[in-house]
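Step one of this worksheet: look at the structure below.
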Amino acid sequence: SMKKLITSLLLAINIPVLANMQISDLSPMPVHITTTQNIVDALASRHYITTQLNDELSSKIFETYLSDLDPSKSYLLNSDIEDFEKYRFKMDNALRSGNLEPAFEIFNRYHDRVITRFNKVIAILESGLDCFDFTRSEELLVDRDLTTWATSEAELDDLWRKRLKDAILNLRLTDKEP
């Protein structure tokens, strides 16, 4: 059935489960402010942090957070990253003061992008497999750690089209339905 095919392909291309959760933007609760401050203070006073919470560490926190959210650079655009650059050297001060707005803003944008991508993938799959040209030889970069962020939705659309095509071919090669 089409529903089974869609489920198989979504699992094969690894769209995060949170994509089908239609939730409003998340925001920090008051308790998060003091909890964050207490954690930062405790780590510093108990010498768990041997490095200073400064701009250099702030930049590493920023990079790690983006990498943890979107490790394959499949959802966020370069323009999103440019928008978030204002936080690169402010994460340290934000954590110290318990301000989690930057982290929540970044997460909410990521979540919006995942939902948008999920809906696009579903629409492609519901339109059928005839839109895929299996006679055309293409390359799909699987390890995207060192790639740059996509500069347009069209670039991400092409990446996801190739991922879907690859997933469909893999299912066919293993004698599974599509």
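The values are calculated or read from the model by the stated rules, or taken from the named source; none is laboratory data. This is a predicted model, so every value here is computed, not measured. Backbone-built Cβ (ideal geometry, glycine too); neighbour counts: all protein chains shown. Surface accessibility is based on the protein's heavy atoms, side chains included, excluding ligands, DNA and RNA. Shrake-Rupley method; radii C 1.70, N 1.55, O 1.52, S 1.80 Å.
Points to keep in mind about this one:
- Global form of segment 56-136, assessed from the alpha-carbon gyration tensor, a/c cut-off 1.5: prolate
- Placing a pseudo-label 7 Å from each Cα along the Cα-to-Cβ vector at PHE107 and ALA154 gives an inter-label distance of 3.5 nm.
- If the chain linking LEU129 and ASP175 were pulled fully straight, counting 0.36 nm for each residue of separation and taking away their Cα-Cα distance, it would gain 14.9 nm.
- Counting only protein chain heavy atoms and rolling a 1.4 Å probe, the accessible areas of ASP83, ASP130 rank, largest first, as ASP130, ASP83.
- Cleavage-rule hits, GluC sites (Glu not before Pro), segment 86-178, DSSP coil, Cβ neighbours within 10 Å at most 16: GLU138, GLU139
- Note, ³J(HN,Hα) from phi for segment 100-109, Karplus 6.51, -1.76, 1.60, rounded to Hz, x at Gly and Pro: 9, 3, x, 5, 5, 4, 5, 4, 4, 5
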